[in-house]
Amino acid sequence: MNPSLAVYQGMLRAGINFATSVPCVNLQELLALVSDDPEIIHVPVTREEEGVGLCAGAWIGGHRPALLMQNSGLGNSINALASLDLLYGIPLLMIISHRGGMGEPVIGQVPMGRLTVPLLEAMAIPHFEPSPAEAEETVAQAWSQAAAGCCPVAVLLDLEFWRGR
């Protein structure tokens with residue numbers, strides 16, 4: 001299965017109808033699918049915390065929001081996640097391209113790659129790390145958990161995921 005298509009189908013299954021995104025080479029095909037879908041309002045942003053705020057407003061306005069970003073953006077969005085989503089119980093599906101792991105060609109990605117899971121755990125944000133075969137179900141499940149728990153939930157997609165493994 002095409003990894004991007006699997007994630008997109010999971011978003012559709014979850015009823016995601018609002019998405020913000022920050023560009024990432026691994027997310028480019030998924031971003032195109034989201035942008036081309038007339039049922040999803042897609043708002044590209046320049047900073048991840050801006051996406052957190054827009055998604056919070058979308059939720060309050062009756063939408064099901066998702067933020068698509070690279071894990072380096074998790075560091076940028078910690079304060080917004082803590083002082084907005086976690087404080088006020090706002091659900092958010094975060095689709096995160098997890099750079100910096102095994103096989104990472106860019107050394108600058110490695111520090112945040114190592115810190116991503118510990119940061120999510122420190123913030124008590126649940127996270128999933130599916131294979132492409134599990135992605136559709138996992139993304140839908142992650143949204144269900146976010147909605148039920150009134151909290152952000154992350155789906156981490158590493159380099160092996162994007163290679164179809």
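Where a number appears in this text, it was derived from the coordinates with a stated rule and is not lab data. Values in this document were obtained by computation on a predicted structure and should not be read as measured data. No Cβ is skipped: glycine too gets one built from the backbone with ideal geometry, and neighbour counts run over all protein chains shown.
What are the residues in the range 50-80 that are out of contact with any Phe, Trp or Tyr (no Cβ under 8 Å at 6 or more places or on another chain), small (Gly, Ala, Ser) and assigned to a helix (DSSP H, G or I), if any?
Gly51, Gly53, Gly57, Ser72, Gly73, Gly75, Ser77, Ala80
Output the residue which, of all residues in the range 130-165 that are among the hydroxyl-bearing types (Ser, Thr, Tyr) and touching a residue at least 60 places away in the same chain (Cβ under 8 Å), is surrounded by the fewest Cβ atoms within 10 Å (Cβ to Cβ).
Ser144
Pairs please, first residue from the range 1-19 and in contact (Cβ under 8 Å) with a residue 60 or more places away in the chain and under 15 Å from Trp143 (Cα atoms), second anywhere and surrounded by fewer than 21 Cβ atoms within 10 Å (Cβ to Cβ) and of a type in the set (S, T, N, Q), Cβ atoms under 8 Å, 6+ apart in sequence or on different chains.
Correct list of pairs: Gly10/Thr138; Ala14/Ser144.
Taking the residues in the range 60-82 that are over 14 Å from Ala154 (Cα atoms) and without any contact (Cβ under 8 Å) to a residue 40 or more places away in the chain as candidates, determine which candidate is surrounded by the most Cβ atoms within 10 Å (Cβ to Cβ).
Ala80
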